[in-house]
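> Here you go, one structure.
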Amino acid sequence: MILVNSTYTFSPASDSDHNNKRQEILEENEFVDSIIDEINTLILSNKKTYEDPEKFEEIEKSSSLKKRDSESHPLMDYGDSDYVYPVANLNDKTLLYAYLSNDLIETVKSLPNVISVDTPIEYKPDSTINRERDIQNETQWKKVSVEYYADLHLSLISQGKYSDDLIGQYDTNYYYPSSAGEDVDIFIFDTGFNFRHSEFNNKNSRTVKCAVNIVEGKAYDVPDETYCMSNYRYDMYMERSHGTMVATVAGGMIRGVAKKANIYGILIDYYFNLNVIAGLRYVKEHLFRPGKAIFNFSFGRYIDMDRFENESLYIEYKNLIKEMTEEGAIFICSAGNENAHIVDNEYKLIKEPCSIDGEICVGGIGNPDDDTRMMKSNQYVKDIESNYGKEVDLYAPYHVQVEYQDNKFNYVNKSVCGTSFSAPIVAGVAATIISENPGVQYNSWSMLKHLTEIGEKDIITDLPKGDPNVFINNGKHTVYSNNDTYMGCGVYSGNMKCPNHEVCSTDGHCVKRG
């Protein structure tokens, strides 16, 4: 592209008075035409300087075909040369397009009134068609959906470990199967739900409701299925909108993982184990669909080990979890935020319900910068507050961005944190897996096995050696770049290939053979 310091007047090529008009403006265009003629002469007399001289034949042949083609005519008069011609007026300047060799570029730059000579920049279509086809091949999803510029807690779980030495720019998209948890039931046990927000506007295509109210172990109906709040006295442990936020992360239309899953709010008046047991019994008898049910518990506490192992109530509680798991239930629970081991052998304490056999226990990785969109290579770290230990099966994002309507009907958009939100992320992923595999009946044990197999392994730092080190992933591991810049190879660098004399290492770098 050549920018010339003079204007050029274009005349319509199809105008019946074309020749007369061209004659009228010839004097006005004379200066630019002289530059075009000079450049054209330079091109024709320096064909030997071109790396691909056959290109001249292609240009001439293409021009000849266009002239003979009755359906293809230029709309404007671009002159007689096919090697250099005016393209556009830019204020008092004219943009020319020319077929120049590298040797001619400097010569043309030195011509009078030539402002600059630049190579055209090739754009790429902002289409994900090919990418989605690759994702289908990788994941075996029936159809791929993409949420563009998604929150970090979503984009993180649909790609492998991001490394800034392999990827030009972090991919902020969330890729997920289009089934998105359809026909899967997520039961969220909590103290309040407001489903009137736009995150749950698709109630016509799925169930989103308050299902039952458990008060001191008794089951009551819910007057309003879209809004239900505990009447229990407020204290520091009870956030009125906690259940709404958990539900949003699990299955909200925008900020949720499983956007088509059914969401059942199981309202408990307080976080008593009595209420959880009563709620489970009610669901088992009235709402439970084996192979379709996921239970989310974003709460827990430490209790004496002896009570946990020997007290009759806990024995029955654990038996109920085991019984429902065997029938096809999946239980997912938050690990807690005390920066402590799930099992404290020194003080003989154990965190429950996360430690119950049949519960998938979820810890969290932090985001020190509190950036809700972008990831850094060094941020795959156990959050400083997240609990840990051999009983913690998986880790998920600890920080999430939520938008919801609180218990006073105020619209809220904020960043919140805790394993309370790590757990519903895993619940959402489990729902998408079930919806993509309707012929498979999962339970807690088989789902944990599957999530461990597809999870990103050994990428989390600050975990004790020997502890499970698995970061949640929904099955799509290829790491793409937002700016299409790749410095590595393989799945961690857009599946790029290495040069013939190099091979791809397990960490995504091209290294010499042998």
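> Give 267, 349 a once-over and let me know the one that is in contact with a helix residue (DSSP H, G or I) (Cβ under 7 Å, 6 or more places away or on another chain), of a type in the set (A, V, I, L, M, F, W, C) and surrounded by 15 or more Cβ atoms within 10 Å (Cβ to Cβ).
Details: 267 fails: in contact with a helix residue (DSSP H, G or I) (Cβ under 7 Å, 6 or more places away or on another chain).
After applying the criteria, what remains is 349.
> Continuing with this model, one more query. What are the residues in the range 167-207 that are of a type in the set (A, V, I, L, M) and surrounded by 24 or more Cβ atoms within 10 Å (Cβ to Cβ), if any? Spell out the reasoning first.
Here is the first cut: in the range 167-207, the ones of a type in the set (A, V, I, L, M) are 167, 180, 184, 186, 188.
167, 184, 186, 188, listed by residue number.
> Is it the case, given these coordinates, that residue 454 is touching a Phe, Trp or Tyr at 6+ places or on another chain (Cβ under 6 Å) and either of a type in the set (A, V, I, L, M) or in the same structural domain as residue 331 (by TED's automatic domain parsing) (or both)? Step through it out loud before you land on a result.
Numbers: touching a Phe, Trp or Tyr at 6+ places or on another chain (Cβ under 6 Å): no; either of a type in the set (A, V, I, L, M) or in the same structural domain as residue 331 (by TED's automatic domain parsing) (or both): yes.
No: the conditions fail for residue 454.
> Would you confirm whether or not the range 474-481 contains a residue that is at pLDDT 95 or above, more than 29 Å from residue 422 (Cα to Cα), of a type in the set (Gly, Ala, Ser) and assigned to a loop (DSSP other than H, G, I, E, B)?
Residues of the range 474-481 that are at pLDDT 95 or above, as a first pass: 474-481.
With more than 29 Å from residue 422 (Cα to Cα) added as a condition, the list becomes none.
Within the range 474-481, not a single residue is at pLDDT 95 or above, more than 29 Å from residue 422 (Cα to Cα), of a type in the set (Gly, Ala, Ser) and assigned to a loop (DSSP other than H, G, I, E, B).
> Name the residues in the range 373-384 that are part of a loop (DSSP other than H, G, I, E, B) and surrounded by fewer than 17 Cβ atoms within 10 Å (Cβ to Cβ), would you?
Quick first cut of the range 373-384, residues part of a loop (DSSP other than H, G, I, E, B) only: 373-376, 380, 383-384.
Correct list: 373, 374, 376, 384.
> Turning to a different aspect of this structure: Name the residue, out of 416, 392, that is assigned by TED's automatic domain parsing to the domain that holds residue 174, part of a strand (DSSP E or B) and at negative phi.
Details: 392 fails: part of a strand (DSSP E or B).
Unique residue meeting the criteria: 416.
Residues checked against (1) out of contact with any Gly (no Cβ under 8 Å at 6 or more places or on another chain); (2) in contact (Cβ under 8 Å) with a residue 12 or more places away in the chain:
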| site | (1), (2) |
| --- | --- |
| 253 | yes, yes |
| 270 | yes, yes |
| 285 | yes, no |
| 293 | no, yes |
| 310 | yes, no |
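> Taking the range 436-466, which residues are assigned to a helix (DSSP H, G or I), more than 19 Å from the chain's Cα centre (by Cα) and buried (at least 19 other Cβ atoms within 10 Å of the Cβ)?
As a first pass, look at the range 436-466 and keep what is assigned to a helix (DSSP H, G or I): 436, 444-454.
Within this subset, residues satisfying the condition of being more than 19 Å from the chain's Cα centre (by Cα) are 444-450, 452-453.
Once the filter is applied, which keeps residues that are assigned to a helix (DSSP H, G or I), more than 19 Å from the chain's Cα centre (by Cα) and buried (at least 19 other Cβ atoms within 10 Å of the Cβ), the range 436-466 yields 444, 447, 448.
> Show me the strands (runs of 3 or more DSSP E) entirely contained within the range 126-240 in which 3 or more residues are touching a helix residue (DSSP H, G or I) at 6+ places or on another chain (Cβ under 9 Å). Let's see the steps before the verdict.
Values: elements: 144-147, 174-177, 185-190, 192-194, 208-215, 218-220, 227-229.
In the range 126-240, 144-147, 174-177, 185-190, 192-194, 208-215 are the strands (runs of 3 or more DSSP E) which contain 3 or more residues that are touching a helix residue (DSSP H, G or I) at 6+ places or on another chain (Cβ under 9 Å).
The values are calculated or read from the model by the stated rules, or taken from the named source; none is laboratory data. These figures come from a predicted structure and were not determined experimentally. Reconstructed Cβ throughout: ideal geometry from the backbone, glycine too, with neighbour counts over all protein chains shown.
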